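Notes to accompany the following structure.
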Amino acid sequence: MAHILLRHRDIENIHELDVYLAHGGYEGLKKALSIQPDEVIEVVKKSGLRGRGGAGFPTGIKWGFIPKGPGEKYVIINTDESETGTFKDRELVEKNPHQVIEGALIAAYAIGARTIYNYFRGEYMDAAYRFEEALKACYERGLLGQNILGSDFSCDFYCHYGAGAYICGEETALINSLMGNLGQPWSKPPFPAIEGLYGKPTVVNNTETLANVPPILVNGPEWYTSMGTEKSPGVKIVCMSGHVERPGNYEVEMGVTYRQLIEMAGGMRNGRKFKALLPSGGSGPVITEEALDAPMTYEGLTPYGSVMGSSSVIVMDETTDMVWAALKMVHFFRHESCGKCTPCREGTFWMEKVLSRIYHGYGTERDLQILESVANQIGGRCLCALGDFAVNPVLSTIRHFFDEYKAKVSGAGQKQQATRETAVATAD
Amino acid sequence: MALIAEKYAEEIEGILKRFPDKKSAVLPLMHLAQQAYGHMSREAMQEVADILEISPTHVLALSGFYSLYYEEPVGKYVLEICNDLACALRGADEFVEMVCHKLGVPVDGTTADGLFTVKTVMCLGACDRAPMLQCNLKFEEHLDEEKFDQLIARLRAEAESGKEEPSVVEKIMAYAKS
Ligand SMILES: Cc1cc2nc3c(=O)[nH]c(=O)nc-3n(C[C@H](O)[C@H](O)[C@H](O)COP(=O)(O)O)c2cc1C
Ligand code: SF4
Ligand code: FES
């Protein structure tokens, strides 16, 4: 099947405006401009498109929250993409930038915004040249600026670059960062739809979410809902990483199983046995064999206590030490905690300390209790979701791999560690 | 000092035009300042603060908050190796060890000739191309020992030749010129 989002894989040089135009580019925008903004929102609502940044909020409903009438409004594209194991937005901005620009323009028209910002994580500067070139081409050809395509709609578009902070992917932190403040979240309400950038109504959408919008306008919402499942329609880019033969991005219809995803990625590396996978990078609970036949949808992993999230699938084989994996993830969250609330700031610090002790073979039974107790004091007590994310790797690995923790605190840990290192050495 | 005000006058003018409030320009200007001053020195922070009419203390706070600003001097080439989970599953920790051994520095250390600083960082969005690193923000992917040696040789030659290619930051900020 031809790609809907990763179209550059079928059409060479689609990052160039002429090529994009020759393949139906900006037809979605034209379609949008030919109907009322409210009707555009209605189409997106009917398509059932949900946010691809992790939370899965229905996109059309989000746009509908923006107050009607005059006044400054903003659209922000979230290209902060810093979740461990996530590299889908990078491929879009690097290889198929016009589709993202077109989606954002349709969003801006729908909500009455005259300015769009794309917030890239600072580390993506080297992936942003084509996006910047694409914007230049759009300005030259009347697709940006005053009276776009001869309509009444005018809109400017700027790129902005962060400077290394995972938390700036959280929408309110992102807005603070864009205003030159510390990149820390605020307590909602106010929601960005009412008081966002510079205090004005703002839509923040993930890069991939917006890339879905032009084909929905062109082909209609029924076309979109004919793919995927009833509650999770459409297509999704899945980032496959870890112990698979062919890591990379895969565009799939929602509802494929995790087992199929592993097969698509060439199966387990070196023919080893599957052990566990993280369906949503470091932030979602780990799942095991029993969940491999669950469909990849917003609801599919609920029975297994996990989430689809940003569909960044990190696969781990039998050689993986799960305490080590948990430590890697907790280290990430400790490093990325913005420090605004105490449970998250202090809790991630202590989780890393205790986990590190356990991993290195100095832990005791008591440490396992401390670890669980600290985790339980973070979850649900924080300002933003990062605190909850940080707890997932700990509690889910304890739930599924308690023996490994037990072995570490009973002195058998050193041996486990040696096994892992030998395994890694032979695998590479 | 007015290093960036002179060197990047057009970029700064263009960046300021992107926002209704000058303060929004602080991160891009800090990127330029780090480029010009080598790291986020007090002078660099002061210049950014002066241009944007904000307090240097605020720039200092941002400098500590974001991982891409270096508060201490660094080498000419900063090698930021990702050893986060997805890369570590494909040999990133062993790669870091190899790099440190080759360059004779610990993580966060700088080689005696001032050329290379080695850092480890969180996911860089290139997990399918591990082991990988960013060298002054440029992606270097699918690395192994041989490719790393080639990279180092290339950078040493570039440093010796004294020819300066525009950096990633300079290339990107150049798009802001009106
Ligand atoms: C800690 C944290 C990090 C996040 N990082 C990202 C990110 O990198 N990219 C993204 O699109 N959304 C991220 N989100 C979700 C955003 O807050 C927001 O829900 C999303 O950008 C909305 O866009 P969507 O509805 O199109 O998904 C993050 C959320 C949290 C709590
Ligand atoms: S939960 Fe953590 S990251 Fe989120 S606001 Fe609180 S301290 Fe910051
Ligand atoms: S984990 Fe290394 S680039 Fe993602």
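I'd like to check something: does segment B:59-76 contain any residue that is touching a residue at least 24 places away in the same chain (Cβ under 8 Å) and within 16 Å of ligand 3 (Cβ to nearest atom)? Let's see the steps before the verdict.
Step one: list which residues in segment B:59-76 are touching a residue at least 24 places away in the same chain (Cβ under 8 Å), which gives B:59, B:62-63, B:66-76.
Narrowing the set further to residues that are within 16 Å of ligand 3 (Cβ to nearest atom) leaves B:67-68.
Within segment B:59-76, one or more residues are touching a residue at least 24 places away in the same chain (Cβ under 8 Å) and within 16 Å of ligand 3 (Cβ to nearest atom).
Is segment A:136-155 home to any residue that is under 29 Å from A:Pro185 (Cα atoms) and of a type in the set (Phe, Trp, Tyr)?
Going through segment A:136-155, the residues under 29 Å from A:Pro185 (Cα atoms) turn out to be A:155.
Narrowing the set further to residues that are of a type in the set (Phe, Trp, Tyr) leaves none.
Checked segment A:136-155: no residue is under 29 Å from A:Pro185 (Cα atoms) and of a type in the set (Phe, Trp, Tyr).
Answer yes or no: is there a residue in segment A:222-233 that is among the aliphatic types (A, V, I, L, M), out of contact with any Gly (no Cβ under 8 Å at 6 or more places or on another chain) and surrounded by fewer than 24 Cβ atoms within 10 Å (Cβ to Cβ).
Start the filter on segment A:222-233 by keeping residues that are among the aliphatic types (A, V, I, L, M), which leaves A:227.
Now narrow it down to the ones that are out of contact with any Gly (no Cβ under 8 Å at 6 or more places or on another chain): none.
No, there is no match, as no residue in segment A:222-233 is among the aliphatic types (A, V, I, L, M), out of contact with any Gly (no Cβ under 8 Å at 6 or more places or on another chain) and surrounded by fewer than 24 Cβ atoms within 10 Å (Cβ to Cβ).
Is it the case, given these coordinates, that A:Pro190 is more than 14 Å from chain B (Cβ to nearest Cβ) and more than 30 Å from A:Val315 (Cβ to Cβ)?
Answer is yes for this residue.
Can you find even one residue in segment A:329-349 that is surrounded by fewer than 23 Cβ atoms within 10 Å (Cβ to Cβ), more than 16 Å from ligand 1 (Cβ to nearest atom) and under 15 Å from A:Leu395 (Cα atoms)?
no
Tally up the residues in segment A:151-183 that are of a type in the set (A, V, I, L, M) and more than 12 Å from ligand 1 (Cβ to nearest atom), please.
Total meeting the criteria: 4.
Conditions (1) open to solvent by 20 Å² or more (accessible area, probe 1.4 Å); (2) of a type in the set (D, E, K, R), marked per residue:
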{"residue": "A:Ser47", "(1), (2)": "no, no"}
{"residue": "A:Gly51", "(1), (2)": "no, no"}
{"residue": "A:Gly56", "(1), (2)": "no, no"}
{"residue": "A:Gly60", "(1), (2)": "no, no"}
{"residue": "A:Trp63", "(1), (2)": "no, no"}
{"residue": "A:Lys68", "(1), (2)": "yes, yes"}
{"residue": "A:Gly71", "(1), (2)": "yes, no"}
{"residue": "A:Val75", "(1), (2)": "no, no"}
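Only one of B:Leu115, B:Leu137, B:Leu62, B:Leu79 is open to solvent by 10 Å² or more (accessible area, probe 1.4 Å), within 14 Å of chain A (Cβ to nearest Cβ) and closer than 23 Å to A:Asp126 by Cα. Can you tell me which? Show your work before the answer.
Details: B:Leu115 fails: within 14 Å of chain A (Cβ to nearest Cβ); B:Leu62 fails: open to solvent by 10 Å² or more (accessible area, probe 1.4 Å); B:Leu79 fails: open to solvent by 10 Å² or more (accessible area, probe 1.4 Å).
On inspection, the qualifying residue turns out to be B:Leu137.
It is to be established whether one or more residues within segment A:27-43 are away from chain B (no Cβ under 14 Å) and within 16 Å of ligand 2 (Cβ to nearest atom).
Among the residues of segment A:27-43, not one is away from chain B (no Cβ under 14 Å) and within 16 Å of ligand 2 (Cβ to nearest atom), which makes the answer no.
For segment A:67-185, list the strands (runs of 3 or more DSSP E) that sit wholly inside it and hold at least 1 residues that are within 16 Å of ligand 3 (Cβ to nearest atom) and among the hydroxyl-bearing types (Ser, Thr, Tyr); which are they?
Ranges flagged: A:74-79.
Anything in segment A:54-93 that is among the aliphatic types (A, V, I, L, M) and over 20 Å from A:Tyr298 (Cα atoms)? List them, or say none.
A:Ile66, A:Val75, A:Ile76, A:Ile77, A:Leu92, A:Val93 - these are the residues of segment A:54-93 that are among the aliphatic types (A, V, I, L, M) and over 20 Å from A:Tyr298 (Cα atoms).
Can you tell me which residues in segment A:8-37 are of a type in the set (D, E, K, R) and out of contact with any helix residue (DSSP H, G or I) (no Cβ under 7 Å at 6 or more places or on another chain)?
Within segment A:8-37, the subset of a type in the set (D, E, K, R) is A:9-10, A:12, A:16, A:18, A:27, A:30-31.
Matches in segment A:8-37: A:Arg9, A:Asp10, A:Glu12, A:Glu16, A:Asp18.
Inspect all residues belonging to segment A:146-162 and state whether any of them is under 18 Å from the mean Cα position of the chain (by Cα) and open to solvent by less than 10 Å² (accessible area, probe 1.4 Å).
Yes, some residue in segment A:146-162 is under 18 Å from the mean Cα position of the chain (by Cα) and open to solvent by less than 10 Å² (accessible area, probe 1.4 Å).
The values are calculated or read from the model by the stated rules, or taken from the named source; none is laboratory data. Keep in mind that what you see is a predicted model, and the values were worked out from it rather than measured. Glycine gets a Cβ as well: all are built from the backbone with ideal geometry, and neighbour counts include every protein chain shown. These accessible areas exclude ligands, DNA and RNA; they are computed on the full protein's heavy atoms, side chains included. Shrake-Rupley method; radii C 1.70, N 1.55, O 1.52, S 1.80 Å.
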